[in-house]
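Just below is one structure, and these are the notes that go with it.
Values in this text are rule-based calculations from the coordinates and carry no lab data. Here the structure is a predicted model, which is why all the values come from computation and not from measurement. Positions of Cβ are generated from backbone atoms using ideal geometry, with glycine treated the same way; all protein chains shown enter the neighbour counts.
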Amino acid sequence: MSRIGKKPVPVPQGVTADVSGQTVTAKGPKGELKFVVNDEVLVKLEDGEISVTPRDESKEARSKWGMSRTQIENILRGVKDGFEKKLEINGVGYRAALQGKNLQLALGFSHDVVYQTPEGISITVPKPTEIVVNGIDKQAVGQVAAEIRKYRGPEPYKGKGVKYAGERIVRKEGKKK
């Protein structure tokens, strides 16, 4: 039995949720999101809480049960508060800057890398070595942060590159003389 799936999802203050068939819609101060739940799972809105139950005891229904509940919780939290990922840049001459809506990264290549910000995501650069990705869709925020990190991931010898804030880089020892 899913420990996550059996908990009902409370609808936060200031958010209106609607369940019609297999579609869950949430509207809040930050925007509106929809999630279409898999057919293996039943969704009900009762007393300001959304409950998720599997249709039967098949392995496929039980495996989609907890995931569906977590996705619903994420859209409710996203339209109320939004999500944020912070990235740090380490390395001599490595820096970031905003150029209109695009993110310009100097990462030691011959040319600067220009990353176009997707719709629904906002990127801010408080310091030249810090990038903050914001949005209401948790998956999109994580995807954008992963794409930016992928340009120059942290290397294990000096730790240079783009890493998540708080990420621990396992360092290797260099050559011995």
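Quick notes on this one:
- Most mobile of Thr124, Thr23, Thr53 in a GNM of the chain (Cα contacts under 10 Å): Thr23
- Candidates per trypsin sites (Lys or Arg not before Pro) in the range 36-96, loop by DSSP, up to 15 other Cβ within 10 Å: Arg55
- For the range 83-164, the residue among Val133, Leu98, His111 whose Cα projects farthest onto the positive side of the dipole built from Cβ charges is His111.
- DSSP-loop GluC sites (Glu not before Pro) across the range 90-177, with at most 14 other Cβ within 10 angstrom: Glu119, Glu167, Glu173
- Extension gain for Arg171-Lys101 works out to 21.7 nm (0.36 nm per residue, less the C-alpha to C-alpha distance).
- For the range 1-26 versus the range 92-164, the gap between their alpha-carbon centres in whole angstrom: 33 Å
- Simple spin-label estimate for Val114 and Tyr151 in nanometres, 7 Å along Cα-Cβ: 1.2 nm
- Loop sites in the range 1-60: GluC sites (Glu not before Pro), DSSP, at most 14 other Cβ within 10 Å: Glu57
- Along the chain, the exposed loop sites are chymotrypsin sites (Phe, Trp or Tyr not before Pro) outside DSSP states H, G, I, E and B with at most 14 other Cβ atoms within 10 Å, and the longest stretch free of them is 1-108.
- Net charge of Cβ neighbours under 12 Å - reference Lys172; Lys, Arg +1; Asp, Glu -1: +1
- With Cα atoms, 0 to 90° folded angle of helix 59-80 axis to the chain main axis: 70 degrees
- Spin-label pair Glu88/Thr129, simplified geometry with 7 Å Cα→Cβ offset, distance in nm: 0.9 nm
- Volume in Å³ per residue [convex hull over Cα atoms, computed for the range 83-164]: 80 Å³
- Over the range 9-80: Rg over Rh, Cα atoms, Kirkwood Rh: 0.97
- By the helix-only formula, in which each DSSP H run with n ≥ 4 contributes -39500 (n - 2.57) and the sum is divided by residues, the chain has a 222 nm mean residue ellipticity of -7000 deg cm²/dmol.
- Just so you know, the averaged projected area of the alpha carbon convex hull for the chain sits at 14.2 nm².
- The range 83-164 - charge dipole about Cα centre, Lys and Arg +1 at Cβ, Asp and Glu -1, debye rounded to 20: 260 debye
- Debye, to nearest 20: dipole size of the chain, +1 on Lys, Arg Cβ, -1 on Asp, Glu Cβ: 1260 debye
- 31 Å Cα-Cα threshold exceeded, pairs from Lys6/Lys34; Lys150/Lys177; Lys127/Lys175; Lys85/Lys175: Lys150/Lys177; Lys127/Lys175; Lys85/Lys175
- Taking the C-alpha atoms only, the angle from helix 138-151 to the longest principal axis of the chain is near 20 degrees.
- Options Leu42, Thr70, Ser58, ranked by Cα towards positive dipole end of the range 38-86, top entry (Cβ charges): Thr70
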